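Visitor: Before we start, here is the structure in question, set down as structure tokens.
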Amino acid sequence: MEPTESGAPNGQRRTEDGGRNTVGQRVDRINDTAQEAWTRSREAVTNLRDTLDIDGRVDRHPFGMLAAALGVGYVLGGGIFSPLTARIVGFGLRMGIRLAAIPFIKEELLGLAESVGDGAEESGSKSRRTKQSNINKGR
């Protein structure tokens, strides 16, 4: 168990067991703690780098990683709530809705064309029959 420190007048601290801690000893302790924190941070960064395998991903997919970097930079730079983003999203939604609606519109137009075509054939055959019957009556 580490002895507790109590205040002493001249910048030194007196421990319960009567020893004195100088400023240099405290700086050494702070330095040791900082070195330990630095070592742990480097280990954490190394572990993260190994886990993410950034270098390997860049080698395998350079353009994809460039696009990802641009996207992350745009988001972190505050681009999400900008007017440009609103325009891009609006354009994307309009195009998406149009592209999704094309198959439905195509089916409807084909169905309409078939029904008009069937009606024209029926009316055309009726008028031919009527003309034929009028000709036969006139003979």
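Visitor: Looking only at residues that are within 20 Å of the chain's Cα centre (by Cα) and surrounded by fewer than 11 Cβ atoms within 10 Å (Cβ to Cβ) in the range 28-66, which one is farthest from residue 85 (Cα to Cα)?
Guide: 52
Visitor: Do we find that residue 80 is without any contact (Cβ under 8 Å) to a residue 24 or more places away in the chain and either assigned to a helix (DSSP H, G or I) or of a type in the set (Phe, Trp, Tyr) (or both) in this structure?
Guide: On the way: without any contact (Cβ under 8 Å) to a residue 24 or more places away in the chain: yes; either assigned to a helix (DSSP H, G or I) or of a type in the set (Phe, Trp, Tyr) (or both): no.
Answer is no for this residue.
Visitor: So which residues in the range 84-139 are of a type in the set (Lys, Arg) and either modelled with pLDDT of 90 or more or part of a helix (DSSP H, G or I) (or both), if there are any at all?
Guide: If the condition is that a residue be of a type in the set (Lys, Arg) and either modelled with pLDDT of 90 or more or part of a helix (DSSP H, G or I) (or both), then 87, 94, 98, 106, 126, 128, 129, 131, 137 are the ones that fit.
Visitor: Go through the residues of the range 7-19 one by one and say whether even a single one is loosely packed, with under 10 Cβ neighbours inside 10 Å, among the small types (Gly, Ala, Ser), at pLDDT below 90 and part of a helix (DSSP H, G or I).
Guide: So far as the range 7-19 goes, no, none of its residues is loosely packed, with under 10 Cβ neighbours inside 10 Å, among the small types (Gly, Ala, Ser), at pLDDT below 90 and part of a helix (DSSP H, G or I).
The values are calculated or read from the model by the stated rules, or taken from the named source; none is laboratory data. Not measured: the values here are computed from a predicted model. Note that each Cβ is placed from the backbone with ideal geometry, even for glycine, and that neighbours are counted across all protein chains shown.
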